[in-house]
Every structure is written in structure tokens, then in C-alpha cells.
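> Attaching a single structure in C-alpha cells format; questions to follow.
The values are calculated or read from the model by the stated rules, or taken from the named source; none is laboratory data. Fair warning: this is a prediction, and the values are worked out from it, not measured in the lab. Cβ coordinates were reconstructed from backbone atoms using ideal geometry, including for glycine residues, and neighbour counts include every protein chain displayed.
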Amino acid sequence: MRKGILTILLLLAMAGAVDAGYLTWEHYQVVNTLPCYYNPHLPALFSDCGKVLNSKYSMIFGIPLAAVGLIHYGLITLVILLAMLTGKKIFRYWIMVETTGGALASIYFVYLQLFVIHGFCQYCMFSALIGFILFFLAYFWLETERKALIIYIAGFIYQNFVKPIFFLIDPETIHIFMVQTGEFLGACPPCRWLIKQLLPINDLPLKQTVAGIEFANPIGLAAGFDYEAWLTQILPVIGFGFETIGTITNHPYDGNPPPLLGRLPKSKSLMVNKGFKSPGADKIIKKLGTKKFEIPIGISIGRTNGVKNMTQKQSVDDVIAAFKKFERSKIKNAYYELNISCPNLYGNISFYPLNNLQELLTAAGTLRLKKPVFVKMPIEKNDEEILAMLNVISKFKFVTGVVFGNLQKNRKDPALDKQEIKNFSVGNFSGKPTEKRSNELIKLAYKKYGKRFIIIGCGGVFSASDAYRKIKLGATLVQLITGMIYQGPTLIAQINLELIDLMKKDGYTQISQAIGRYTKI
Ligand SMILES: Cc1cc2nc3c(=O)[nH]c(=O)nc-3n(C[C@H](O)[C@H](O)[C@H](O)COP(=O)(O)O)c2cc1C
């Protein structure tokens, strides 16, 4: 297929080179010989290509435009040949860039002929026509290369121009601005269509069916970013394979006293002190209504925060009440994430002690939940403690898997910059400071419970190789937030694009073949 496409592009480029070569040769003749130079039998506009070829616009920096065209088409011919002979991606990217440049230049030249010179050169029009055809064919046939270029350019613009401005503004304000913009774009079908043409890479090798749910790719949004379900319609078009909404609590909670969020750019981290800010289960269920979701939705459920003196028993009842509400709702294509690991909760309630965990899961087990359940795990516990928790969880058949993991509580983690952390007296930390421990725990859980649990890897994913490492350590799916904030929303499409290369390099034809293939971190 690729060879066939490239052969057609090659023939067109060669035709363009012959046309431009002829015009260049003609330019240097003493007597003009082109049949269209003056033809009284044709309508005025078409009878005088000499008007165009002798105009001041026919030279650029002292070089005939025809010669520039010859170089352009000659170069494309050469690059297409190299792409065919070597199969290297770089040449296909080059074709995409140069055909785009050629099409833009052609628009300008056609405009000049029709509206400035008021003359018409058939040979120049033929060249422009080839320029357009080359561009459209490359645009549709080299889809991956086109998307890759858009992704890299958009990522460059985000990191160098947009992020520096965003980072001057309060992080909570920017968060709200971004999710509301996302909600607006998601509700606008033409916007969704346009972004879909530009970004997502949902190649078949990335597809997996997990716990009966189809995931177009393994990259999802972690809990905490879309806690009011603003983004369910926009995330699929920027390339996410699934998303988590929440953490949602049974009752509403406005969040902890400020600051709720902070940035630690040197540590590639965020300070998080939201403490389950949530509009409550009823409001989210009403908002989601009977909406159809293009990607699976993870419903993250946790204990209502901010209620003073809530006992352990009341905490369990509160979580169970939220589950019951979601079970009664009509939400489809979804799974549950039971969040037992939020580090910012009010009071001294915890589901870490094994009997508390057992009590919560026993109560949840009585609900006979219809959707798969994943337990979101802490990362601050040591290996023995985690294995003991996994042992308890493994006894509950309704639990399909675990997510490793939540935020970093350890303020002495070496990935946290010592100066930066002094700016924050509250909160816990996302991003790179979570990555190492998350990877260690994925590896541990896969080794001991790989056959029992499906593992979702979460923490510090900033690139395709970060995501791929988690998969090779044992994760079936991967989630992120902080990477997207630092690298930009095009990171998701970029990760998927590059994941395909990474797995192909390792000789895998399906992403599922890479799961658990690492032995070292
Ligand atoms: C702003 C923010 C809010 C978060 N809120 C939640 C939450 O409500 N529930 C939850 O399970 N995890 C929450 N987390 C933790 C993330 O889901 C994730 O586990 C952690 O940030 C590590 O992933 P990352 O490095 O890709 O951000 C939050 C993280 C961030 C950055």
C-alpha cells in the first residue's frame, strides 16, 4: 500500500519537475518559444502567458521562480525515492512538510495570476495543480505522518508559548478555564470533528478488551482532573482511550481550605490539596444522564470529606450509598475506581488497616455491582503492607484490578526539589515524585498477583517511554494527569503514536503482548 502511494506521488513529482524544468529552460532562451506566449485565438486571459513569465513576480532574489519550482519538485522526487528505498519515517515527514509548503506557495501564485497580474500561464497552473494534488494525496495517505507533525508543532507551541503564560496564573483558575473550554469544545460537534481529524491515533495494535470493556488505546485520564465530568465528550477526540471522573463522593464538598493546587516545575510535580472536592453523586449522575460515551468512563468513588466526626462505620455506609446511586443510574461503558487512598481527608478515617479494608469490601460485595471494580492504591506503604492489602482485596471476586497509585506523601522523596517543596506546607505531590514507587508497586503486584488482578499504572507518565515502562512492568492500562499539564494536551496522541513504534521495535504486534515483559525497573 505504502509503495503504491509513494509511486503515485513520485510520478506526480516527476511531472512537476519536467514542467518546471521546461519553464526554466525557456526562461534562459533568447527567443521565447512557448506556444502560449501570444495566441490571438484564445480569450484574452488565456492568450498571454508571457505576461506572467516576464512579470516582476517571475523572479525571487534574482532566481527565476521556475528554477525554484524545479528545485522543489526535484527535491520531492529525490525524497520520495529515498522513502521508497529506505522505508525511513523521516523522509515521509519531509514529504508531508514539503507538499504542504508547495500547496501554500501554489495558492499564492494562482492568486497573483488571477488578481494581480491578470494573466494566465498554463504551465504555471499545471505546476500549481500538481502541487495541490501532491498535498491532498499526502494529506490523506500519510495520515500518521500528518498527525505526528501536527502533534509535535502543537506540543512545541504549548510548551514554549502557552504554558509560560498559564504558569503565571493561579493553577486552580487555569484548571477551571481548561475544563470549561474542554466542555465547550466537547459540546460543539464541528469542533470535535476538526480536532478528531488533527489528533487521535487509534491504531489497531493499541486496542484491548479488558474486563469485557473495549479500550481503543491504553492511555487514560487519572482521577482528579475531571471531577465534575466536564470532559466526557472532548477527551476521546484528543486521543484518550478512557477517562476517570471524580473522585465523586456521596455528598458534596467544596474542597479543603486554599491552596488547593500548586506547581513545582523543577520537580515536574503538582501540589494537590483538594481533599475530594466534589459536587456529590446526585449532581454528577444527573449531569451524565443518558449520555453515550465514546470511551470507557471510570467512576472514582470515595468517602465524603469535610463531615466532622464521621465514624468508620458511617464512612463505609457513605461509600456504599454512592455506589448504590451509580448502580441505579443508566451510565453504560463504565467501571468503578474505589479510592481508598486519598491522602488529604478530614479526620482519622482510613481504609488502610486490613480490618477496615475488609469491612469496606465486604459491604461493597453485598451490592453485586454490575460494573468491574478497580481499587486505587496508596504508594506510601512499604512492600509488605501493600502485599497484605492486596491479599485482602484478592479475596473479593468483584474486584477486577488495582490502580498504582495515588499521590506521593513523602516530602523527602528525592524527586522533589528541596527548595521548591518549602513553598508548600500542605498537600501531597503528583508527577515525577510518584513515578518510581508506582513502578515498583506495579512490578510487585504483577509478580505476586499478575494472574489475579488487572493493573492500571499511574504516576509520573510524561512520555511514551514512561507509559511503555509501566506496561512492561505489568500494567494493562496507564493513567496520567501531571504529564498532560506540563507537556500539553497533545501528549496523549503523541504517546499513542510513539507506543506503536516502541512495541514494534520489540517485535510485538499488539500492546497486550508487552504487558509484564520487564524484569528490571
Ligand atoms: C489535581 C489533582 C487532583 C487529584 N485528585 C484525585 C482524586 O480526586 N482521586 C484520586 O484517586 N486521585 C487524585 N489525584 C491523583 C491522580 O489521580 C494520580 O494518581 C496522581 O496524580 C499520579 O499521576 P500523575 O503523576 O500522572 O499526575 C489527583 C491528582 C491531581 C494532580
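> Surrounded by fewer than 19 Cβ atoms within 10 Å (Cβ to Cβ), touching a helix residue (DSSP H, G or I) at 6+ places or on another chain (Cβ under 9 Å) and touching a residue at least 12 places away in the same chain (Cβ under 8 Å) - does that describe any residue in the stretch 459-481?
Of all residues in the stretch 459-481, those surrounded by fewer than 19 Cβ atoms within 10 Å (Cβ to Cβ) come to 463, 465.
When the remaining residues are screened for being touching a helix residue (DSSP H, G or I) at 6+ places or on another chain (Cβ under 9 Å), the result is 463, 465.
In the following step, the residues that additionally are touching a residue at least 12 places away in the same chain (Cβ under 8 Å) were identified as 463, 465.
Looking for residues that are surrounded by fewer than 19 Cβ atoms within 10 Å (Cβ to Cβ), touching a helix residue (DSSP H, G or I) at 6+ places or on another chain (Cβ under 9 Å) and touching a residue at least 12 places away in the same chain (Cβ under 8 Å), one finds at least one in the stretch 459-481, hence yes.
> Let me ask something additional. Take the residues in the stretch 242-264 that are within 11 Å of the ligand (Cβ to nearest atom) and among the polar types (S, T, N, Q); name whichever of them is surrounded by the fewest Cβ atoms within 10 Å (Cβ to Cβ).
Of everything passing the filter in the stretch 242-264, 247 is surrounded by the fewest Cβ atoms within 10 Å (Cβ to Cβ).
> Kindly indicate whether residue 239 is modelled with pLDDT under 95 and crowded, with 20+ Cβ neighbours inside 10 Å. Walk me through how you get there before you give the answer.
On the way: modelled with pLDDT under 95: yes; crowded, with 20+ Cβ neighbours inside 10 Å: yes.
Yes: the conditions hold for residue 239.
> So which residues in the stretch 280-324 are within 16 Å of the ligand (Cβ to nearest atom), over 30 Å from residue 436 (Cβ atoms) and under 27 Å from the mean Cα position of the chain (by Cα), if there are any at all?
If the condition is that a residue be within 16 Å of the ligand (Cβ to nearest atom), over 30 Å from residue 436 (Cβ atoms) and under 27 Å from the mean Cα position of the chain (by Cα), then 284 is the only one that fits.
> Where in the stretch 217-265 are there strands (runs of 3 or more DSSP E), lying wholly inside it, with at least 1 residues that are β-branched (Val, Ile, Thr)? Walk me through how you get there before you give the answer.
Values: elements: 219-226, 242-249, 261-264.
Because the criterion is at least 1 residues that are β-branched (Val, Ile, Thr), the strands (runs of 3 or more DSSP E) in the stretch 217-265 that meet it are 219-226, 242-249.
> Separate question: Has the stretch 440-452 got any residue that is over 25 Å from residue 336 (Cβ atoms) and in contact with a Ser or Thr (Cβ under 8 Å, 6 or more places away or on another chain)?
no
> Tell me yes or no: at least one residue of the stretch 31-51 is modelled with pLDDT of 80 or more and in contact with a helix residue (DSSP H, G or I) (Cβ under 9 Å, 6 or more places away or on another chain).
From the stretch 31-51, those modelled with pLDDT of 80 or more are none; that's our starting set.
No, the stretch 31-51 has no match at all.
> So the check is Cβ under 9 Å with 6+ separation or different chains; which pairs have a first residue in the stretch 127-139 that's at pLDDT below 90 and a second one that's buried (at least 17 other Cβ atoms within 10 Å of the Cβ) and charged (D, E, K, R)?
138/92; 138/98; 138/145; 138/146; 139/146
> Restricting to the stretch 168-215, give me the number of residues that are of a type in the set (A, V, I, L, M) and loosely packed, with under 15 Cβ neighbours inside 10 Å. Spell out how you get there, then give the answer.
Step one: filter the stretch 168-215 for residues of a type in the set (A, V, I, L, M), giving 168-169, 174, 176, 178-179, 185, 187, 194-195, 198-199, 201, 204, 206, 210-211, 213.
Adding the requirement that they be loosely packed, with under 15 Cβ neighbours inside 10 Å leaves 168-169, 176, 187, 194, 204.
Residues in the stretch 168-215 being of a type in the set (A, V, I, L, M) and loosely packed, with under 15 Cβ neighbours inside 10 Å: 6 in total.
> Out of curiosity, is residue 86 among the polar types (S, T, N, Q), assigned by TED's automatic domain parsing to the domain that holds residue 22, more than 26 Å from the chain's Cα centre (by Cα) and under 28 Å from residue 497 (Cα atoms)? Can you show your working first?
On the way: among the polar types (S, T, N, Q): yes; assigned by TED's automatic domain parsing to the domain that holds residue 22: yes; more than 26 Å from the chain's Cα centre (by Cα): yes; under 28 Å from residue 497 (Cα atoms): yes.
Here the answer is yes, as residue 86 does meet what is asked.
> Another question, if that's okay. Go through (1) more than 22 Å from residue 419 (Cβ to Cβ); (2) more than 10 Å from the ligand (Cβ to nearest atom) for residue 267 and report which single condition fails.
That leaves (1) as the condition not met.
> Anything in the stretch 120-172 that is farther than 26 Å from residue 108 by Cα and more than 26 Å from the chain's Cα centre (by Cα)? List them, or say none.
none
> Would it be correct to say that residue 172 is modelled with pLDDT under 90 and among the charged types (D, E, K, R)?
So residue 172 does not fit the description; no.
> Out of the residues in the stretch 379-389 that are within 16 Å of the ligand (Cβ to nearest atom) and more than 30 Å from residue 328 (Cβ to Cβ), state the one that is surrounded by the most Cβ atoms within 10 Å (Cβ to Cβ).
At the first step, the residues of the stretch 379-389 found to be within 16 Å of the ligand (Cβ to nearest atom) are 379-381, 386, 389.
So of that shortlist, the ones also more than 30 Å from residue 328 (Cβ to Cβ) come out as 379-381, 386.
Working: 379: 26, 380: 19, 381: 18, 386: 23.
Top of the filtered list is 379.
> Could you check the stretch 347-377 and list, in sequence order, the residues that are within 14 Å of the ligand (Cβ to nearest atom) and at pLDDT below 95?
351
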